[in-house]
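Written below as structure tokens is the structure these notes are about.
The values are calculated or read from the model by the stated rules, or taken from the named source; none is laboratory data. Note that the structure is predicted; figures quoted are calculated from it, not measured. No Cβ is skipped: glycine too gets one built from the backbone with ideal geometry, and neighbour counts run over all protein chains shown.
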Amino acid sequence: MTTSPSETTSSPAETEHAGQRLGERLQSGDVVLLTGELGAGKTTFVRGVARGTGSDAAVASPTFQLVRLYPGRVQLAHVDLYRVENSSELRDLGLEELAGQGAVVVEWGERLEVDGAAHLEIEHLGADRRLIRTIRDLSH
Ligand SMILES: Nc1ncnc2c1ncn2[C@@H]1O[C@H](COP(=O)(O)OP(=O)(O)OP(=O)(O)O)[C@@H](O)[C@H]1O
Ligand SMILES: [Mg+2]
């Protein structure tokens, strides 16, 4: 396993690049939970993840759409739970089905419990600096 447990980035491009390296490792069935405060850089990171899965889709925050799908080497389902208010909405998400079709990356992932999921936390260190911590890596 080559992922470092944590790294500090100094620009959005560096965070995207960290995401890209994770995306290159993703396989169908992987679920990655992202945590971090508002504006921490979760969507920026996902932009890189999508590129790493071979997608050239324009990645934006799926604020009014719970899930956006990016076709690539593996399909990437981009989930944002910010506006999800109750557990029935979480059940309706169909996470297992999404993970059956490809990889899944979830913003505000602390709202889910998924066996075997990877967990990364992005922390705002001030100005353009961010700490990306691997709490739990991919299992492969
Ligand atoms: N090192 C960095 N890494 C990531 N983003 C950075 C960095 N430095 C500055 N930024 C800026 O911080 C903002 C991060 O926004 P982004 O939408 O990625 O965060 P988010 O965690 O998804 O927010 P939200 O909680 O609203 O979903 C962007 O405007 C980005 O350009
Ligand atoms: Mg976001």
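A few comments on the model shown:
- Taken over the stretch 5-21, the residue count meeting the criterion of being under 15 Å from His119 (Cβ atoms) and either away from ligand 2 (no atom under 16 Å from the Cβ) or surrounded by fewer than 22 Cβ atoms within 10 Å (Cβ to Cβ) (or both) is 2.
- Qualifying residue in the stretch 57-68 (condition: modelled with pLDDT of 95 or more and aromatic (Phe, Trp, Tyr)): no
- Test: Gly39 is within 16 Å of ligand 2 (Cβ to nearest atom), in a helix (DSSP H, G or I) and not aliphatic (A, V, I, L, M): no
- The one condition from (1) of a type outside the set (Val, Ile, Thr); (2) out of contact with any Ser or Thr (no Cβ under 8 Å at 6 or more places or on another chain); (3) within 28 Å of Arg129 (Cα to Cα) that Leu22 does not meet is (2).
- Looking across Leu33, Leu90, one residue alone is touching a Leu at 6+ places or on another chain (Cβ under 7 Å) and more than 16 Å from ligand 2 (Cβ to nearest atom). It is Leu90.
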